[in-house]
Amino acid sequence: MQRFTGEALYKLFRANAADIYAGRYPLEYCERLADMANEALELLSQRHVLLLVHNYQYPELQELARDAGGYIGDSYGLTLKAKETDYETIVFCSVAFMAETAAILLPDRRVLIPARPGCSLADPVDVEEIRKWKTRNPDGKVMSYINTKPDAKAESDYICTSRNAPAVVAHVRSRFPNARIYFLPDKYLAAHVMRTLQIGPGDMDVWEGACHVHKDLNEHMIENASEEHSEAELLIHPECGCTSACLARIAAGASPGIQFLSTEGMLKRARESSAKEFIVATEAGIVYRLRREIPEKVFHPVLSTAHCKFMKEITLENLLACLRDDKNEAFEVRVPPEIANKARHAIEEGMRIQ
Ligand code: 13P
Ligand code: SF4
């Protein structure tokens, strides 16, 4: 039986993705996508492979995960799902560091990825710099965001995600009150942590990194969107360039409807909030999932062209190539055991704290 049809995909994408993927989904392309999705569905089931898809991914990958009994989520959720499952093989539609995190936690499973997308936060981190900081601060604690490569994770004491970054810093400060903290690699997430915990730059060293998508989502865009949609609640990812300004607005009591959330936190908040309309400040791909799963509410991307070029290296075309040739080692994610063993400890320490 053919589960996907071009017509059905065309209607879904026209209703939920016309602004965020303008011109991408004519009917003929939806028909090709439906054929590919039907074959992928068959292969996932025949080969007993679990499909994990990040919230930013193309709508066709999200639809496939939904039909295949896979999972769509944020970086923490994907990691947790990989850990909970008994599937021998897991395929990630995400940037590479997310698949690497699963490969570190699950050395006895096969973790596949159709391409090796980087990340503008993870890629520039120089591990030598972390080692130098540790030499200067022998009692210090290194706290890395999950958006880091395995070698940086291996030099870290704790790994946090956008869900639990303030909680992890608070934990480290109470457990090691005299330890200096090195937080990397996102300066906007660091600013969010510092404002949340009311700590100053004197308390924490910060790697001055930023995401190429989120740094451009600035205060002016937020103000314009809020003027245009005055009833809408603001859902903001803490990687955004507007983080400090928005936190200052909250502190001044000006904008009670501002929430700083991980991508999965946005889904949860939108379901639970009494607001009917939302402005979404993060990568625009998540807006498809929000509209698809919460059709009774309205979602406005703060910038409909805010797409992560790395995430979008994964396509249904290369996922299908990976599934057809799933024994090919080129698709397999492997982390050397000496790095994985150190990194695993830091990830597990961070995951314990919520
Ligand atoms: P989430 O963990 O919130 O999905 O964020 C990951 C990410 O890369 C955001 O740009
Ligand atoms: Fe990395 Fe930014 Fe893409 Fe997230 S959106 S994966 S932080 S480059």
Item to complete: Mind listing whichever residues of the range 331-354 are open to solvent by 70 Å² or more (accessible area, probe 1.4 Å) and either in a helix (DSSP H, G or I) or of a type outside the set (D, E, K, R) (or both)?
Response: PRO337, GLU338, ASN341, LYS342, HIS345, GLN354
Worksheet item: Looking only at residues in the range 187-232 that are among the acidic types (Asp, Glu) and part of a loop (DSSP other than H, G, I, E, B), which one is least open to solvent (accessible area, probe 1.4 Å)?
Response: GLU208
Discussion item. Consider the range 262-300. How many of its residues are away from ligand 1 (no atom under 14 Å from the Cβ), outside any loop (DSSP other than H, G, I, E, B) and not aliphatic (A, V, I, L, M)?
Written reply: 10
Discussion item. So if I check each of LEU78, LEU121, which one is open to solvent by less than 10 Å² (accessible area, probe 1.4 Å), more than 17 Å from ARG352 (Cβ to Cβ), without any contact (Cβ under 8 Å) to a residue 40 or more places away in the chain and within 11 Å of ligand 1 (Cβ to nearest atom)?
Written reply: LEU78
Worksheet item: Checking THR135 against (1) within 16 Å of ligand 2 (Cβ to nearest atom); (2) open to solvent by 20 Å² or more (accessible area, probe 1.4 Å), which test does it fail?
Response: (1)
Worksheet, complete the sentence: Picked from the range 45-61 (must be part of a helix (DSSP H, G or I) and away from ligand 2 (no atom under 16 Å from the Cβ)), the residue surrounded by the fewest Cβ atoms within 10 Å (Cβ to Cβ) is GLN46
Worksheet item: Quick check: anything in the range 172-182 assigned to a loop (DSSP other than H, G, I, E, B), touching a strand residue (DSSP E or B) at 6+ places or on another chain (Cβ under 9 Å) and under 20 Å from LEU261 (Cα atoms)?
Response: no
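The values are calculated or read from the model by the stated rules, or taken from the named source; none is laboratory data. None of these values were measured; they are calculated from a predicted model. Glycine also receives a Cβ, built like all others from the backbone with ideal geometry; neighbour counts cover every protein chain displayed. Accessible surface areas use protein heavy atoms only, side chains included; no ligands, DNA or RNA. Shrake-Rupley method; radii C 1.70, N 1.55, O 1.52, S 1.80 Å.
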